[in-house]
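To start, the structure itself, in structure tokens.
Please treat every number below as a calculation from the coordinates, not as lab data. Bear in mind that the values here come from a model prediction, so they are computed numbers and not experimental data. Neighbour counts are summed over all protein chains in view; Cβ atoms, including those assigned to glycine, are modelled from backbone coordinates with ideal geometry.
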Amino acid sequence: MAEAIFRHLVKEAGWADLFEVASVGTGDWHVGEPPHRGTQAILDQHGIAWQGQRARHLSGQDLLDFDYVVVMDRDNLANVQTMTLRVPAKGEISRLTEWADAAIARGRSDVPDPYYEGGFNDVYALVNAGCVGLLRHIEQAHKLQEEA
């Protein structure tokens, strides 16, 4: 969900040629699978393309390549931090909720997993808010608005 939303926001902002957006898991349970059908439905409802996305596993090379590694919850954060003991991360590691508007995050530090718990609308709102905040941060940090 986060990959599709962030990719959509980047495209709308006109920055698609400046970003590489990828979604990976710290576990390999769903490698090769498309997004969950509940995720597909909520993204379709909001006019956000998800087609072509397939789950893949986080690699050490990802930590070396990406400027931002954004995780959904404390377990993902711990897994990424453990990986950085072997491969130092090039970029910033954060939780998506750190970038979300406080009113939407409502004190949550983790994005709930709708795969097991449902609540796709709530998760969409939280993920969207986090993606909007992250994009604003990147635009400011890299002075992208000045290039427009």
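A DSSP coil position with no more than 15 other Cβ atoms inside 10 Å describes the following trypsin sites (Lys or Arg not before Pro) in segment 81-145: Arg86, Lys90, Arg106, Arg108, Lys143.
Taking the Cβ-Cβ separation of Asp122 and Arg54 as r and a Förster radius of 30 Å, what is the calculated FRET efficiency to the nearest 0.05?
Once rounded, the FRET efficiency stands at 0.75.
Of all the options Ala102, Ala129, Ala89, the one that moves most in a Gaussian network model of the chain with Cα springs shorter than 10 angstrom is Ala102. In the set [x] 54, 32, 28; [y] 52, 29, 27; [z] 38, 37, 33, the label that goes with Cα extents along the principal axes in Å computed for this structure is [z].
On alpha carbon coordinates alone, what is the Rg over Rh value for segment 58-131, Rh being the Kirkwood radius? The partial results should precede the final answer.
On the way: Rg = 13.2 Å, Rh = 13.0 Å.
Rg divided by Rh gives 1.02.
Here the Karplus relation 6.51 cos²θ - 1.76 cosθ + 1.60, evaluated at θ = phi - 60°, turns the backbone of segment 35-49 into coupling constants of x, 3, 4, x, 5, 4, 5, 5, 5, 4, 4, 9, x, 10, 6 Hz, with x for every Gly and Pro. What you get for segment 47-120, charging only the Cβ of Lys and Arg (+1) and of Asp and Glu (-1), is a dipole of about 120 debye around the Cα centre.
Taking trypsin sites (Lys or Arg not before Pro) across segment 26-59, the ones in a DSSP loop with at most 13 further Cβ atoms lying within 10 angstrom of their Cβ are Arg54.
Between Asp44 and Glu20, the distance separating the two model label sites (each 7 Å from Cα on the Cα→Cβ line) works out to 3.2 nm. Across segment 104-120, coupling constants 3J(HN,Hα) worked out from phi with the 6.51/-1.76/1.60 Karplus curve, θ = phi - 60°, read 7, 5, 6, x, 7, 9, 10, 7, x, 8, x, 4, 9, 9, x, x, 4 Hz, and Gly and Pro carry x.
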